[in-house]
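Data first, discussion second: the structure below is written as structure tokens.
The values are calculated or read from the model by the stated rules, or taken from the named source; none is laboratory data. All values reported here derive from a predicted model rather than from experimental measurement. A quick note on method: Cβ atoms are made from the backbone with ideal geometry, for glycine too, and the neighbour counts reach across all protein chains shown. The area values use the complete protein model at the heavy-atom level, side chains included, leaving out ligands, DNA and RNA. Shrake-Rupley method; radii C 1.70, N 1.55, O 1.52, S 1.80 Å.
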Amino acid sequence: FLTNGSFSVGAHGNAYMVVNTSGAPLTASNLAGQILACPNYSAGQSVTLGSCNTGKKISQWWNPFSWNRKPFASHLSGALTAQSGQPTSVIAPNTYIWFSSAGNMTPANMTGSGSMGAAGQWITFGPP
């Protein structure tokens with residue numbers, strides 16, 4: 001669906017990856033291919049990634065994927081740009097994402113009891 005002209009994608013994820021409906025990890029290149037194959041998407045159109053922590057800065061002191069210093073959203077912007085030939089921005093949350101019953105997405109932290117905490121931010125990545 002579109003959010004202020006941006007193409008929206010929802011998935012479970014974190015700063016390193018997103019997963020498909022079966023729970024298998026998707027690379028930024030895989031997801032870019034799926035987005036570009038969608039008939040409602042136009043090459044170069046910005047993408048809003050409704051996926052937890054995909055715009056979160058990766059800690060340099062602890063990183064299980066030492067080759068990956070950029071958040072997933074940054075890699076997705078690069079993959080969309082490379083595959084489409086059009087500069088493409090990706091907007092992603094730097095914390096958890098909360099969906100309302102009306103379909104709105106709000107980035108916010110989670111409290112110890114599992115409820116919505118302090119507000120997070122939408123971060124824009126790219127075009128590279």
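The figures follow:
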| quantity | calculated |
| --- | --- |
| Residue that is modelled with the highest pLDDT [pool: residues in segment 36-66 that are open to solvent by 70 Å² or more (accessible area, probe 1.4 Å) and within 23 Å of W98 (Cα to Cα)] | K56 |
| Candidate set: segment 67-82, residues that are in contact with a helix residue (DSSP H, G or I) (Cβ under 9 Å, 6 or more places away or on another chain) and in a loop (DSSP other than H, G, I, E, B); chosen: the one most open to solvent (accessible area, probe 1.4 Å) | K70 |
| Where a residue in segment 28-45 is assigned to a helix (DSSP H, G or I) and its partner, wherever it lies, is open to solvent by 40 Å² or more (accessible area, probe 1.4 Å) and of a type outside the set (V, I, T), with Cβ under 8 Å and at least six apart | A28/H75; S29/Q83; A32/A82; A32/Q83; G33/Q83; L36/A43; L36/Q83 |
| Residues located in segment 105-127, provided they are in contact with a helix residue (DSSP H, G or I) (Cβ under 7 Å, 6 or more places away or on another chain) and exposed (fewer than 10 other Cβ atoms within 10 Å of the Cβ) | none |
| Residues (farther than 19 Å from P39 by Cα and open to solvent by 30 Å² or more (accessible area, probe 1.4 Å)) located in segment 83-100 | I91, N94, Y96, W98, F99, S100 |
| Counted residues, segment 92-128 - those being over 15 Å from the mean Cα position of the chain (by Cα) and either part of a loop (DSSP other than H, G, I, E, B) or among the acidic types (D, E) (or both) | 11 |
| Of all residues in segment 1-30 being in contact with a strand residue (DSSP E or B) (Cβ under 7 Å, 6 or more places away or on another chain) and over 19 Å from F99 (Cβ atoms), the one that is surrounded by the most Cβ atoms within 10 Å (Cβ to Cβ) | M17 |
